[in-house]
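Q: Could you have a look at this structure, given as structure tokens, before my questions?
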Amino acid sequence: MHELTLCHSMIEIIEREAILQAFQRVKVVRLEFGALSCVEPEALRFCFDTTTQGTIAEGARLEIITVPAEARCRDCGAERAFHRWGTACPDCGGLRLDVRGGDKMRIKDLEVY
Ligand SMILES: [Zn+2]
């Protein structure tokens, strides 16, 4: 399960940060992910709540910020933001798009105690 893997790596990052920045508890985790990363926000929330149990992120609130993907149309050169796969170029209707970013996930910031 994709979301479960994401949650485990998220916790690893948080625990590493906790050592570096010497905090004990996490209040809020702001997670930024690309609209094309194929993550279900609800599934992610559920996984987050279960996987953080017993960790320093237990009880933390997960805020999910979706960022659109940037893509360039190979046919007409238009650069647009895209929110899902399989979208045609709004300018020429072309489907040959070079996607740059928008499929990544990162922790934007943490609110800690
Ligand atoms: Zn186009």
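Q: Hey, can you tell me all the residues within segment 4-22 that are touching a Cys at 6+ places or on another chain (Cβ under 7 Å) and surrounded by fewer than 19 Cβ atoms within 10 Å (Cβ to Cβ)?
A: Once the filter is applied, which keeps residues that are touching a Cys at 6+ places or on another chain (Cβ under 7 Å) and surrounded by fewer than 19 Cβ atoms within 10 Å (Cβ to Cβ), segment 4-22 yields only 4.
Q: Select from segment 56-71 the residues that are more than 13 Å from the ligand (Cβ to nearest atom), part of a strand (DSSP E or B) and aliphatic (A, V, I, L, M) and list them in ascending order.
A: 62, 64, 65, 67, 69, listed by residue number.
Q: Further question: Has segment 30-40 got at least one residue that is over 26 Å from residue 100 (Cβ atoms), of a type outside the set (Asp, Glu) and surrounded by fewer than 17 Cβ atoms within 10 Å (Cβ to Cβ)?
A: No, segment 30-40 contains no residue that is over 26 Å from residue 100 (Cβ atoms), of a type outside the set (Asp, Glu) and surrounded by fewer than 17 Cβ atoms within 10 Å (Cβ to Cβ).
Q: For segment 89-103, what are the residues that are small (Gly, Ala, Ser) and at pLDDT below 90?
A: Within segment 89-103, 101, 102 qualify.
Q: Looking at (1) under 20 Å from residue 17 (Cα atoms); (2) within 14 Å of the chain's Cα centre (by Cα), find the lone condition where residue 58 falls short.
A: Failed condition: (2).
Q: Right, another one. So which residues in segment 15-38 are touching a strand residue (DSSP E or B) at 6+ places or on another chain (Cβ under 6 Å) and within 17 Å of residue 61 (Cα to Cα)?
A: Of everything in segment 15-38, those that are touching a strand residue (DSSP E or B) at 6+ places or on another chain (Cβ under 6 Å) and within 17 Å of residue 61 (Cα to Cα) turn out to be 23, 26, 27, 28, 29, 30, 31, 32, 33.
Q: Quick check on my filter: what residues within segment 95-106 are surrounded by 15 or more Cβ atoms within 10 Å (Cβ to Cβ) and either within 22 Å of residue 8 (Cα to Cα) or of a type outside the set (A, V, I, L, M) (or both)?
A: 102, 103, 105
Q: Among the residues of segment 53-63, how many are in contact (Cβ under 8 Å) with a residue 40 or more places away in the chain and either loosely packed, with under 15 Cβ neighbours inside 10 Å or out of contact with any strand residue (DSSP E or B) (no Cβ under 8 Å at 6 or more places or on another chain) (or both)?
A: Qualifying residue count for the region: 1.
Q: Continuing with this model, one more query. Would you check which residues across segment 72-113 are away from the ligand (no atom under 16 Å from the Cβ) and outside any loop (DSSP other than H, G, I, E, B) and list them?
A: 105, 106, 107, 108, 109, 110, 111, 112
The values are calculated or read from the model by the stated rules, or taken from the named source; none is laboratory data. Computed from a prediction, not measured in an experiment: that's the story for all the values here. We place every Cβ from the backbone using ideal geometry, glycine too, and count neighbours over all the protein chains shown.
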